[in-house]
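**Student:** My structure is below; once you've seen it, I'll send some questions.
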Amino acid sequence: MERRQPSTTFHEPPVYRAPGESGAVAASRTFSARTPSRMESAHPFGGDLGQEREELELERFKSQAGKDQVIVHWEGADDPENPQNWSNAYKAYLTIMGALLVLNSTFTSSAPSGIVEPMIAYFQFSSEVATLTISLWVAGYCLGPLIWGPLSERVGRRPVFIISIFAYTCWNIGCALSKNTAQILVFRFLGGTFGAAPLTNSGGVIADVWGPKQRGIALCFFSVAPFAGPAVGPIVSGAIAVTNTDWRWVYWVCAIFSGVCLVITIFTFKETYAPAILKKKAQRIRKETSDDKYKAPLELNPLKPKTLLHDTIAFPFIMLFQEPILIAMGLYLSFVYGLIYLQFESVPIVFVQGHGFNSLVNGLMFIPLFLGGVAGCLFYVFFTNPKYTKLVDEYAAKGQRVPPEKRLDIVCIAAPCLVVSFFWLGWTSYPSISFWAPMMSLSLLGFAVLLIFLGLFNYIIDSYLAKAASALASNTVMRSAFGAGFPLFAAQMYARLGTQWASSLLGFLALLMLPIPFVLVKYGPSIRKLSKHSAE
């Protein structure tokens, strides 16, 4: 019986090339920032990772292949299996789904903020322990990225999403059925650990399916989801508290939401990670031909536990303490991230205690935070991105890469807004002043935070390129630790200092950190020249 040949094109040495393409062009098209390093899953706001790195990765795969092995790639530039060639409608759907999964996780993180009093009454614990129901979820965000990022680049995005969403659906059910303090706190921490998967991998999905020109816009709109989730959580839990519904329904709502996301993911979410797709393609070809010489790039890069531990846990922190830029960025981003979660404790003090609002109306006070994030997104799309695109063309004409410091322009705009937002909140929070004044300060906070994150993430990525995953991994852990810790001291700080001076203290701290982006704009190039890990 004649053996059927594989339905793809191969070249030995095993690199696919379309007619007339050079190896470098083929490499950049085939791999397109998609080699199995932890890059895409680590950065939520994207960025082009550099063709030089892609060419080096291709050469590494060629050197790993044996003489009798054939590396499986796409069947040409228009291969329908390549996620970059899928329809724009489906790619937009995947972008929306990725945002929905992030919203699901961040919604669940803040949902208990509206049912603190009923939980205290049931479990008989202190308000500080009640705050742990939020803090422990965010603490899970410290551990989760170290697991889900590397795992998604071994088995693909889809299995990681399905496993993690199923698990944190179960943990939400566990919270709803909890009978004692230990149970609910353990389930919340486990939920955050598994709930970190969408935050870790959804940005990677967008990088998988969109090319460099469209990716920035897609990731910008996607980045609004982390603001929407924390804003919606207090509204839902506040409504449940006001209607005297059992507090457990907050966790049932979270479980139902994640369960619906799980079903949608199972039936509509295709694998997007190119190395995982090529691995399945190689397996199919080996089965069709009964020939084991056909290998995917992922199969030429076997996982070694020692390497995994070094790359995912040790090296990011080694790199952190060797890089002054990363220390400065880490502290600033962590401070800003902590401020977001601190609001879940401070806003009720301003609007419930100060203005006498109930839990539902208090939850509505978070809407301006989300709308500010939307405004920041629109500012980026219609002002910052076109300006940066022109810079790319100008520097490309000179054969140069845009300096990473150009990413800091929006941070220099947003950082003063962050300072103003806290003084605005503090000194308009008197009960005699309309609630509209402090409420609208949250819109400026949302605007500032989104632009700071977009600017600094892209600055780190542009500065470290191939090592950006490690740079951002340490930042993620530090950031989540601040997000978990800040709510724990918020109530005491506001009680002792008063609303005005507690908010002013945060404003003064933001003012203290204000020079960081300006200093990096001026001295960043000189600092990077002394760096062991910078791309320049």
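**Student:** In the list Ala481, Ala510, Ala495, which residue meets the criterion of being surrounded by 22 or more Cβ atoms within 10 Å (Cβ to Cβ) and either part of a helix (DSSP H, G or I) or without any contact (Cβ under 8 Å) to a residue 40 or more places away in the chain (or both)? Steps first, please.
**Tutor:** On the way: Ala481 fails: surrounded by 22 or more Cβ atoms within 10 Å (Cβ to Cβ); Ala495 fails: surrounded by 22 or more Cβ atoms within 10 Å (Cβ to Cβ).
Unique residue meeting the criteria: Ala510.
**Student:** Moving on to the next point. Given the options Arg158, Arg215, name the one that is within 21 Å of Ala89 (Cα to Cα) and either of a type in the set (Asp, Glu) or in contact with a Gly (Cβ under 6 Å, 6 or more places away or on another chain) (or both).
**Tutor:** On the way: Arg158 fails: either of a type in the set (Asp, Glu) or in contact with a Gly (Cβ under 6 Å, 6 or more places away or on another chain) (or both).
Arg215 is the lone residue from the list that is within 21 Å of Ala89 (Cα to Cα) and either of a type in the set (Asp, Glu) or in contact with a Gly (Cβ under 6 Å, 6 or more places away or on another chain) (or both).
**Student:** State yes or no: is Pro297 surrounded by 19 or more Cβ atoms within 10 Å (Cβ to Cβ) and of a type outside the set (Phe, Trp, Tyr)? Step through it out loud before you land on a result.
**Tutor:** Working: surrounded by 19 or more Cβ atoms within 10 Å (Cβ to Cβ): yes; of a type outside the set (Phe, Trp, Tyr): yes.
So Pro297 fits the description; yes.
**Student:** Right, here's the next one. Tally time: how many residues in the stretch 161-198 are more than 15 Å from the chain's Cα centre (by Cα) and assigned to a helix (DSSP H, G or I)? Spell out how you get there, then give the answer.
**Tutor:** Keep residues of the stretch 161-198 that are more than 15 Å from the chain's Cα centre (by Cα), which gives 162-191.
Adding the requirement that they be assigned to a helix (DSSP H, G or I) leaves 162-176, 181-191.
Of the residues in the stretch 161-198, 26 are more than 15 Å from the chain's Cα centre (by Cα) and assigned to a helix (DSSP H, G or I).
**Student:** Also, quick follow-up: If a residue counts only when it is over 30 Å from Phe457 (Cα atoms) and modelled with pLDDT of 90 or more, which helices (runs of 4 or more DSSP H) contained entirely in the stretch 27-137 have at least 1 such residues?
**Tutor:** Passing ranges, in order: 116-123.
**Student:** Let me ask something additional. Show the residue pairs that are 6+ apart or on different chains and have beta-carbon atoms under 8 Å apart, the first residue being within the stretch 68-97 and in the same structural domain as Gln283 (by TED's automatic domain parsing), the second being surrounded by fewer than 15 Cβ atoms within 10 Å (Cβ to Cβ) and among the hydroxyl-bearing types (Ser, Thr, Tyr).
**Tutor:** Glu75/Ser7; Glu75/Thr9; Gly76/Thr9
**Student:** Under 7 Å between Cβ atoms, at least 6 apart or on separate chains: pull out the pairs that start in the stretch 384-403 with a residue that is over 17 Å from Val521 (Cβ atoms) and end on any residue that is part of a loop (DSSP other than H, G, I, E, B).
**Tutor:** Correct list of pairs: Val392/Val402.
**Student:** Residue by residue through the stretch 294-352, note down the ones that are free of Cβ contacts under 8 Å to residues at least 60 places away in the same chain and of a type outside the set (Val, Ile, Thr).
**Tutor:** Glu299, Pro302, Lys304, Pro305, Lys306, Leu309, His310, Ala314, Phe321
**Student:** Would the stretch 370-387 turn up any residue that is surrounded by fewer than 23 Cβ atoms within 10 Å (Cβ to Cβ) and among the polar types (S, T, N, Q)?
**Tutor:** So far as the stretch 370-387 goes, yes, one or more of its residues are surrounded by fewer than 23 Cβ atoms within 10 Å (Cβ to Cβ) and among the polar types (S, T, N, Q).
**Student:** Go over the candidates Phe189, Phe161 one by one and state the one that is in contact with a Ser or Thr (Cβ under 8 Å, 6 or more places away or on another chain), buried (at least 18 other Cβ atoms within 10 Å of the Cβ) and either farther than 30 Å from Ile461 by Cβ or modelled with pLDDT of 85 or more (or both). Full working, then the answer.
**Tutor:** Values: Phe189 fails: in contact with a Ser or Thr (Cβ under 8 Å, 6 or more places away or on another chain).
Just one listed residue meets the conditions, Phe161.
So that you can scan it fast, the table gives a plain yes or no per residue for (1) buried (at least 19 other Cβ atoms within 10 Å of the Cβ); (2) part of a helix (DSSP H, G or I); (3) at pLDDT 85 or above; (4) of a type in the set (Phe, Trp, Tyr):
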| position | (1), (2), (3), (4) |
| --- | --- |
| Thr245 | no, no, yes, no |
| Ser258 | yes, yes, yes, no |
| Glu288 | no, yes, yes, no |
| Asp311 | no, yes, no, no |
| Met319 | yes, yes, no, no |
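The values are calculated or read from the model by the stated rules, or taken from the named source; none is laboratory data. This is a predicted model, so every value here is computed, not measured. We place every Cβ from the backbone using ideal geometry, glycine too, and count neighbours over all the protein chains shown.
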